Amino acid sequence: MELLDFINNNRSTNFTKAQELYIQGNYVNALAYFFRALNAAEILNDRENEAEAKKGIMFCYALKCEYDQVLDFSNDLLDNYQLESEQRELCLTAKAFALNRKGQFRSAENILKDILYSDSERVRFRAHTDLGLLYYFLHRFSENQSIELALDNFKAAFSIASSVGGKAMYKATSNMGLTYLEKDELQMALTAFEQSLEYADGDHNQAQTFNELGRVYALMGDLDKSEEYFERAARYALENSKFLTLTYNLYYRGLMQIHLGKVNNAYNYLHTALYSFLEHKHYPEVVVIYKKLSALFQDKNPQRAEYFLKEYHHYLNYIDPLGE
């Protein structure tokens with residue numbers, strides 16, 4: 001009995017430590033403690049605490065962009081554990097998020113539409129947010145004109161964000177900015193990103209917003225201010241090993257170089273970002289970049305453009321645009 005008490009106390013201590021690290025954004029170390037808590041729960045055959053530890057692991061993997069692991073743990077939780085309604089729906093949103101980021105849009109959309117009318121505001125916020133992102137990404141690389149669907153879902157998420165709390169207002173305003181930027185409504189995008197910066201509760205979120213502000217100011221013609229924001233984001237990413245933030249920084253710089261008509265600079269930025277997106281299995285961005293590179297060389301180097309177009313069609317097979 002003393003041994004079982006010791007194991008249970010150890011489980012509780014590790015789980016509490018994991019939660020603290022998770023809140024701090026230290027997901028690598030949080031994972032280690034969640035796994036320790038899971039091992040203890042498995043020894044005790046404590047199914048409830050097994051599920052709690054696995055949920056923590058799943059959400060850590062989601063924030064580390066390890067989407068295959070998110071799918072493994074979400075499926076395990078949904079198939080093998082008795083979860084209360086909200087917790088089950090949150091596992092479904094995590095699964096849909098991973099499918100979305102991997103470009104498996106049909107499956108993600110089906111899951112999210114099923115939980116749009118949940119009793120939980122937290123679930124509804126997640127469902128509208130992820131549906132908005134789904135339609136946003138779909139619009140960017142396919143023939144689907146889904147940007148208005150993205151905006152409708154982001155507005156729905158924004159309407160309940162203040163009730164949800166946490167990072168909800170940051171996410172809601174940032175996503176609105178993405179959509180306005182895609183619609184070329186630059187002043188609206190600037191206002192939304194400036195709002196999101198007010199709600200950013202850490203350097204990482206600020207850096208992500210700096211990337212977006214860099215894009216907006218470049219398109220507005222203020223290249224000095226654009227470079228200032230891009231540099232602030234890149235410096236943070238390099239100093240803190242936030243490689244995905246750095247990848248988006250390179251990607252956005254490449255898009256801006258296209259806008260400025262600087263083909264070689266655009267190629268260097270986009271080609272560098274491409275390999276990181278491939279490593280992270282961010283196939284929607286991979287498809288977008290190959291499409292941009294093909295268009296970039298269409299006039300000056302048709303043979304090269306044809307190569308990039310073939311790669312575009314190749315990676316399009318990794319994703320399933322709706323309606324195709």
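Kindly provide the set of residues from the range 1-59 that are under 30 Å from Lys242 (Cα atoms) and polar (S, T, N, Q), ordered by number.
Thr13, Asn14, Thr16, Gln19, Gln24, Asn26, Asn29, Asn39
Got at least one residue in the range 236-256 being farther than 23 Å from Leu63 by Cα, in contact with a Gly (Cβ under 8 Å, 6 or more places away or on another chain) and part of a helix (DSSP H, G or I)?
yes
Within the range 176-218, which residues are over 16 Å from the mean Cα position of the chain (by Cα), modelled with pLDDT under 90 and in a helix (DSSP H, G or I)?
Correct list: Asp203 only.
Please determine whether any residue of the range 87-108 is among the aliphatic types (A, V, I, L, M), over 22 Å from Ile319 (Cα atoms) and open to solvent by less than 80 Å² (accessible area, probe 1.4 Å).
Within the range 87-108, one or more residues are among the aliphatic types (A, V, I, L, M), over 22 Å from Ile319 (Cα atoms) and open to solvent by less than 80 Å² (accessible area, probe 1.4 Å).
If you scan the range 279-290, which residues turn out to be surrounded by fewer than 20 Cβ atoms within 10 Å (Cβ to Cβ) and either modelled with pLDDT of 90 or more or not in a helix (DSSP H, G or I) (or both)?
Within the range 279-290, His280, Lys281 meet the criteria.
Confirm whether Asn153 is closer than 24 Å to Thr247 by Cβ and open to solvent by less than 50 Å² (accessible area, probe 1.4 Å).
no
Counting only residues that are touching a Ser or Thr at 6+ places or on another chain (Cβ under 7 Å) and closer than 12 Å to Glu182 by Cβ, which one in the range 111-150 is most open to solvent (accessible area, probe 1.4 Å)?
His139
The values are calculated or read from the model by the stated rules, or taken from the named source; none is laboratory data. None of the values given here were measured: they were computed from a predicted structure. Using ideal geometry, Cβ is built from the backbone for each residue, glycine included, and neighbour counts are taken over all protein chains shown. Areas reflect the complete protein model, heavy atoms only, side chains present, ligands, DNA and RNA absent. Shrake-Rupley method; radii C 1.70, N 1.55, O 1.52, S 1.80 Å.
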